[in-house]
1. Looking only at segment 133-156, which residues are assigned to a helix (DSSP H, G or I) and surrounded by fewer than 16 Cβ atoms within 10 Å (Cβ to Cβ)?
2. Cβ-Cβ under 9 Å, sequence separation 6+ or interchain: first residue in segment 241-252 and under 17 Å from Leu160 (Cβ atoms) and touching a residue at least 60 places away in the same chain (Cβ under 8 Å), partner acidic (Asp, Glu) and part of a helix (DSSP H, G or I). Which pairs?
3. In the set Gln229, Gln219, which member is in a helix (DSSP H, G or I), among the polar types (S, T, N, Q), within 18 Å of Ile301 (Cβ to Cβ) and at pLDDT 75 or above?
4. Before we move on, is Ile453 buried (at least 17 other Cβ atoms within 10 Å of the Cβ), of a type in the set (Val, Ile, Thr) and touching a residue at least 60 places away in the same chain (Cβ under 8 Å)?
5. So the check is Cβ under 7 Å with 6+ separation or different chains; which pairs have a first residue in segment 118-145 that's closer than 29 Å to Arg185 by Cα and a second one that's among the aromatic types (Phe, Trp, Tyr)?
6. Of the residues Leu428, Leu403, which single one is assigned by TED's automatic domain parsing to the domain that holds Ile537, farther than 21 Å from Gly363 by Cα and not aromatic (Phe, Trp, Tyr)?
7. Residues in segment 252-262: is at least one out of contact with any Ser or Thr (no Cβ under 9 Å at 6 or more places or on another chain), at pLDDT below 75 and of a type outside the set (A, V, I, L, M)?
8. Looking at Phe28 and the list (1) out of contact with any Leu (no Cβ under 6 Å at 6 or more places or on another chain); (2) closer than 30 Å to Leu88 by Cα, which single condition is not satisfied?
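The values are calculated or read from the model by the stated rules, or taken from the named source; none is laboratory data. As the structure is a computational prediction, the values presented were derived from the model and not from experiment. Here Cβ is always computed from backbone atoms with ideal geometry, including for glycine, and neighbour counts include all displayed protein chains.
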Amino acid sequence: MRRFRKYGKGYVKEAIFAPLFKLLEACFELAVPLIIAFIVDTIIPHSNHEQLIAMILLLVLFAVVGVIVALTAQYYSAKAAVGYTKELTLDLYKKVLSLPKSSRDHLSSDSLLTRLSSDTLQIQTGINIFLRLFLRAPIVVFGSLVMAFYISPSLSLDFLAMIALLFLIVSVVSVMASRFYLLMRKSLDRLVGQVRESLMGMRVIRAFGQTLREIRFFQQANLTYTREQLTAGFWSSLLTPATFLVVNSTLLILLYQGKLAIGQGSLDQGMLVALINYLSQILVELVKMVMVISTLNQSFISAGRLNEIFEQKSEDIDQPFPYASVSEEWTLVVDDLSFTYPRAAESALTALSFRAKKGEFLGIIGGTGAGKSTLVDLLLQLYPVAPHHLALFKLDGHSPVNLREWREQFALVGQQAQLFSGTIRSNLLLGRQSASDEDLWQALEMAQAKDFILEKGGLETSVEAFGRNFSGGQRQRLTIARALLQEAPILILDDATSALDYLTERNLLTAIQRELPDKLLIMISQRTNSLSKADQILVLDQGRQVGLGSHEELLRTCAIYQEIDQSQHGQEVSHEH
């Protein structure tokens, strides 16, 4: 947890002033019972009105100054808590973006989202409450105890016994509640994931009439979260009534013993009133301490969850690659490439081998789960691959020197067209910040998107989040245009034309090959027609390479490819495999 200390360095002044002002407020409150005792024992019996007015004005002054110092303490504690959390969240966000894909898969995007929002907010709340109360509550309790000993040492033994018993109760309850707070956080991760999945898939859910099913799933996840929250709340809720029970029992004992002491002449009535006031102050502060302990328990659990992210090893994209070979012939070389996902029982890819040159068109086809997108992840080095299985050579023949340079050789258009809120221009400039308007229109024209962009109003046309104001085909063409702006020698279309008609897709591929003749085009598709003009086609089946060749060659030699082609052209499949 040492890593969390650095975020407070810029807020040392606030972290000092907040508890000090609260301490000053506590000192005023500790003086009040003694003033009241003086009024009861000295001023009222002698009917000294002038002194009474002076003491009342002093109490009013204490109240006004107390409010001012309390607000000042609140300001400094809030400033420190918000500033600390701001810097922590920024570093956490940077860390999440630097994590390798395997770590993000392990932690899950839903859990990362919860930790970035809910857990950081919990830490902010814990810091705020801690700075306001960690000095005030103990000082008031300790000060009240000292004042009680000053008034009556014998009666103050009841205070000591009460505090010891409450400390034991708080310790036991806090340990039990902490276990359920951790379970509650994990359940919240699952609940957020369920909601996120339902919202993103709302169109599919409604199309298949599965709204009630999703509601049942949410109810079950919510019920689990509610049970754990109620259990944690049950243990936490025991603290306040237990505190009241112990303190009020002590009050009854104090009243009884105080009556006896007054009867014996060893205690004045005003002093008994002061003892009762100090006991009330202890009650209030102990309730606050219970709240602080409960909040800090949750904050420490949240800090542990954030620390789990910080302990993950970041992806070093500038670390030198062990590649020193030079190739003048091939751009991409894959040799006996296999891959198994972490904690998976079976391999996702097995013994893939192929080569591609600059200016070629490489197609990849296969059924669902064949490993096509996994291969793309490996080409981009989202999962580490040994150099003897995967090699990449730039146009000058030299291999990239590090991961950053490796990924700069690729422009990717994924299965899901990802657009961001803003304008057409802002989305396209993600591909190349220095692109001119002429470059943008040229990319749109190649992507067959120029006409509908002109109809919608041009480059300043508004884009809603996720591109909701565009159709699926329009979103795909915009993301393709963005990738074309990226001056990378290899373009990967990962099933990125599935929403386009055959004519638009053919015009798109023709334009890319005509305008960018040196670019290696790698296209993943489910349609054989889309790949019929490819120089070579890689056929995958359950992670294995079952064919490699041109469209015509595969129709003669590859049974899987024949079956895919015949099923798409309405022909009867006669072979067995």
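1. From segment 133-156, those assigned to a helix (DSSP H, G or I) are 133, 136-151; that's our starting set.
Of everything in segment 133-156, those that are assigned to a helix (DSSP H, G or I) and surrounded by fewer than 16 Cβ atoms within 10 Å (Cβ to Cβ) turn out to be Pro138, Phe142, Val146, Phe149, Tyr150.
2. Thr250/Asp158
3. Working: Gln219 fails: within 18 Å of Ile301 (Cβ to Cβ).
Testing whether each residue is in a helix (DSSP H, G or I), among the polar types (S, T, N, Q), within 18 Å of Ile301 (Cβ to Cβ) and at pLDDT 75 or above leaves just Gln229.
4. Values: buried (at least 17 other Cβ atoms within 10 Å of the Cβ): yes; of a type in the set (Val, Ile, Thr): yes; touching a residue at least 60 places away in the same chain (Cβ under 8 Å): no.
No: the conditions fail for Ile453.
5. Ile127/Tyr84
6. Numbers: Leu428 fails: assigned by TED's automatic domain parsing to the domain that holds Ile537.
Selected residue: Leu403, the only one of Leu428, Leu403 that is assigned by TED's automatic domain parsing to the domain that holds Ile537, farther than 21 Å from Gly363 by Cα and not aromatic (Phe, Trp, Tyr).
7. Checking segment 252-262: not a single residue is out of contact with any Ser or Thr (no Cβ under 9 Å at 6 or more places or on another chain), at pLDDT below 75 and of a type outside the set (A, V, I, L, M).
8. (2)
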